[in-house]
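What follows is a short report on a single structure.
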Ligand SMILES: NC(=O)c1ccc[n+]([C@@H]2O[C@H](COP(=O)([O-])OP(=O)(O)OC[C@H]3O[C@@H](n4cnc5c(N)ncnc54)[C@H](O)[C@@H]3O)[C@@H](O)[C@H]2O)c1
């Protein structure tokens, strides 16, 4: 039993705590004041250098990299934003590989890309399945080649109050919106590091930066996607993989894709999908680490940490009174619901059984 004196010493941090591994202040290695001042000055000089370089580049324009011949994989490329990005990449000379659970959407996009003279391969993949991702990644490497541009774009939304959201929809949101990023990156990053050439793009959302009612699982998964990108970027820098870049894309609500049927957005107009697709491609070509769309949101975001929560709450509720997810039409070839009696909110791609493995490429 610890004496009173020992307990007081634990509490005052003079003695290592019995239940924690905290090292007492007096036993820690200390930097001298001079060392600390020098480190801070060095950091400030570097920071000023980077800021000047960033200002210069934003005035002069960033150099754009040539994507001709690179193999680009777009998840969720069978519709919405993914298909628009795929078309742009094909126009820039990329070989485009599309992954989607929606066979019809894939076939349509492959046709569109080939129609503009692009090279395109579509694979039916269920991004909620890790095995499916790993197996199809091997198939792509064998049939198409090494992927050097990976765009993790596929996403799903449940769009109900948390307590009304069935567990399997929450699970699905995390499987598709973030866990799939881990599996695709683990599948394709080793070759990128080996060649010291690659780019990983995370399509997150403004909903990863601020919370919205009825989007609790969606916001949490997108926030995880933001953290995923930042930590991965730092990890690549620590490892010295200078040729492998990452870009995080955080768009506000986009109109006319398959995700939200109706977003009642006041003050800020919803974005055109073509405008967002252009911005994604620009971020890739200029190795931009973070693209917030529209860009002026970048100036507003820091206020979140400064002003009282009541202001933020008023602002978000005023800005987005409601965001209703679009019901997904059932593609013909995937008419086999997993659930016995799917409700309107259930009738989205992830409730469908993916087709059997043999005819996956479209
Ligand atoms: N629409 C918006 O308002 C908005 C705003 C910000 C960010 N985003 C993000 O942009 C990305 C693209 O969204 P969108 O608006 O084009 O949506 P969308 O619904 O039109 O497209 C998503 C695509 O992902 C596919 N997909 C869904 N589940 C899948 C699974 N399990 N396996 C394989 N593919 C699957 C769908 O079939 C679809 O083709 C998403 O990550 C979304 O979260 C969208």
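The values are calculated or read from the model by the stated rules, or taken from the named source; none is laboratory data. It should be emphasised that the depicted structure is a prediction, and the values quoted were computed from it without experimental measurement. Cβ atoms come from the backbone with ideal geometry, glycine included; neighbour counts cover every protein chain shown.
The table below gives the values:
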item: Residue 72 being modelled with pLDDT of 95 or more and either out of contact with any helix residue (DSSP H, G or I) (no Cβ under 6 Å at 6 or more places or on another chain) or within 16 Å of residue 114 (Cβ to Cβ) (or both); result: yes
item: Residue within segment 314-336 that is modelled with pLDDT of 85 or more, farther than 30 Å from residue 169 by Cα, out of contact with any helix residue (DSSP H, G or I) (no Cβ under 7 Å at 6 or more places or on another chain) and not in a loop (DSSP other than H, G, I, E, B) present; result: no
item: Filter result for the condition that a residue is under 20 Å from residue 198 (Cβ atoms), in contact with a helix residue (DSSP H, G or I) (Cβ under 9 Å, 6 or more places away or on another chain) and either part of a strand (DSSP E or B) or within 8 Å of the ligand (Cβ to nearest atom) (or both), over 122, 82, 155, 105; result: 82
item: Test: residue 307 is more than 11 Å from the ligand (Cβ to nearest atom), in a loop (DSSP other than H, G, I, E, B) and in contact with a helix residue (DSSP H, G or I) (Cβ under 8 Å, 6 or more places away or on another chain); result: no
item: Hits in segment 250-275 - residues which are more than 8 Å from the ligand (Cβ to nearest atom) and in contact (Cβ under 8 Å) with a residue 40 or more places away in the chain; result: 261, 262, 264, 265, 266, 267, 268, 274
item: Residue in segment 195-204 that is assigned to a helix (DSSP H, G or I) and at pLDDT 95 or above present; result: yes
item: Residue within segment 128-149 that is assigned to a strand (DSSP E or B) and modelled with pLDDT of 95 or more present; result: yes
item: From 65, 111, residue being more than 10 Å from the ligand (Cβ to nearest atom), assigned to a helix (DSSP H, G or I) and surrounded by fewer than 18 Cβ atoms within 10 Å (Cβ to Cβ); result: 111
item: Conditions (1) within 16 Å of the ligand (Cβ to nearest atom); (2) outside any loop (DSSP other than H, G, I, E, B); (3) in contact with a helix residue (DSSP H, G or I) (Cβ under 6 Å, 6 or more places away or on another chain); number of the one not met by residue 90; result: (1)
item: Matching residues, segment 68-78, being within 16 Å of the ligand (Cβ to nearest atom) and at positive phi; result: 76
item: Tally, over segment 215-227, of residues that are surrounded by 18 or more Cβ atoms within 10 Å (Cβ to Cβ) and more than 13 Å from the ligand (Cβ to nearest atom); result: 1
item: Residue, nearest to residue 197 (Cα to Cα), within segment 158-175, restricted to residues that are away from the ligand (no atom under 15 Å from the Cβ) and part of a helix (DSSP H, G or I); result: 167
item: Odd one out for residue 199 among (1) more than 15 Å from the ligand (Cβ to nearest atom); (2) surrounded by fewer than 16 Cβ atoms within 10 Å (Cβ to Cβ); (3) in contact (Cβ under 8 Å) with a residue 24 or more places away in the chain; result: (2)
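Quick grid of which residues meet (1) crowded, with 16+ Cβ neighbours inside 10 Å; (2) not in a helix (DSSP H, G or I):
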| residue | (1), (2) |
| --- | --- |
| 242 | no, yes |
| 245 | yes, yes |
| 262 | no, yes |
| 276 | yes, no |
| 284 | yes, no |
| 287 | no, yes |
| 303 | no, no |
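Residues checked against (1) without any contact (Cβ under 8 Å) to a residue 40 or more places away in the chain; (2) under 21 Å from the mean Cα position of the chain (by Cα):
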{"site": "101", "(1), (2)": "no, yes"}
{"site": "116", "(1), (2)": "yes, no"}
{"site": "130", "(1), (2)": "no, yes"}
{"site": "136", "(1), (2)": "no, yes"}
{"site": "144", "(1), (2)": "no, no"}
{"site": "153", "(1), (2)": "no, yes"}
{"site": "165", "(1), (2)": "no, no"}
